[in-house]
Structures are given as C-alpha cells and as structure tokens.
Amino acid sequence: MPHSDDSFGNEDSTPGLSLAVLSEALYLANLLLAPGIAFGLLVWLWLKYKDSAPPLAKHHLRQTTFVSLYGGILITVLSAIFILAGGLDWEWTWVMVIMYFTCIHSTLVMFGMFGLAKAMAGQIWRFPLIGPAVDRDKQ
C-alpha cells in the first residue's frame with residue numbers, strides 16, 4: 001500500500017499546545033488518579049513555565065494550578081465547617097460532607113474534562129466562578 005501524505009493533526013502546530021494539554025491532564029489526574037502527586041507536578045510546571053510559556057500554555061497552566069488550589073481549599077474548609085458545626089457523631093454531618101464532596105468534586109472533574117477538550121483544540125477557557133480572569137489582551 002502506498003504511503004499517504006495526509007496529515008491527521010499529530011504535529012504540534014499551536015505554540016504551547018502540548019504544555020496546555022499536559023496541564024489539563026495533570027489537573028484531572030490530581031482529581032482522579034494521584035491527588036497530591038499530580039498537584040505537585042502541576043505547581044512545578046507552573047513555577048517553571050509561568051514566565052516563558054506561550055500564551056495558550058500559560059493560560060491553561062494558570063487556570064489549572066489556581067483552580068486546583070482554590071478547589072482544594074474550598075472543599076477542605078467547608079468540610080471542616082460541616083464537621084465542626086455538627087460534630088463527628090451526628091449522621092447529618094456525614095450526609096452533608098459526602099453530598100458536598102460528591103457535588104463539588106464531580107463538577108470540578110466535568111469542568112476539567114471541558115478544559116482538556118479546549119486545550120486539545122488550542123483554545124482558552126475559564127473555569128466558572130473560581131477560575132482566574134482571562135486576560136484577552138495577551139492572548
């Protein structure tokens with residue numbers, strides 16, 4: 001069979017595309033596979049490339065790093081408030097903690113999947129409510 005010259009989009013034509021996809025993948029890995037380890041890698045990437053990354057990669061790195069940080073703080077603080085308000089022995093404390101964790105965690109995963117799709121398409125995207133503002137002038 002003769003070799004085809006067709007391109008199927010495997011080349012990295014958009015500057016920063018690979019780094020943007022990697023940051024979104026690490027965000028999802030932090031939520032689903034390796035919490036803490038993936039967050040550490042994400043923070044390391046942010047610190048290493050925050051000044052030198054192309055705009056697409058810088059945007060996705062910033063979004064995923066800060067949403068991971070804000071999401072972690074939000075879920076920790078509110079779960080602690082539920083536990084302190086109701087005590088460890090009250091069954092409704094655990095209902096609230098589990099419901100809150102389930103709703104917030106699944107929402108963050110869904111937005112992470114959407115962010116990954118946007119990164120793979122070479123587009124920017126802001127996480128609703130807790131995502132840092134998008135500076136469109138620098139994009």
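Every number in this text was worked out from the coordinates using simple rules, so none of it is lab data. Here the structure is a predicted model, which is why all the values come from computation and not from measurement. Every residue, glycine as well, gets a Cβ built from its backbone with ideal geometry; the counts of neighbours run over all protein chains shown.
Worth a mention:
- With N the number of residues in segment 31-113, Rg(Cα) / (2.2 N^0.38 Å) evaluates to 1.34.
- Simple spin-label estimate for residue 105 and residue 89 gives 2.7 nm between the two label positions (7 Å along the Cα-to-Cβ direction from each Cα).
- Residues in segment 80-97 carry Karplus couplings, in order, of 5, 4, 4, 5, 5, 6, x, x, 6, 8, 7, 5, 5, 4, 6, 4, 5, 4 Hz; the curve used is 6.51 cos²θ - 1.76 cosθ + 1.60 with θ = phi - 60°, and Gly or Pro positions show x.
- Descending semi-axes in whole angstrom, ellipsoid equivalent of the chain, from the Cα gyration tensor: 35, 17, 12
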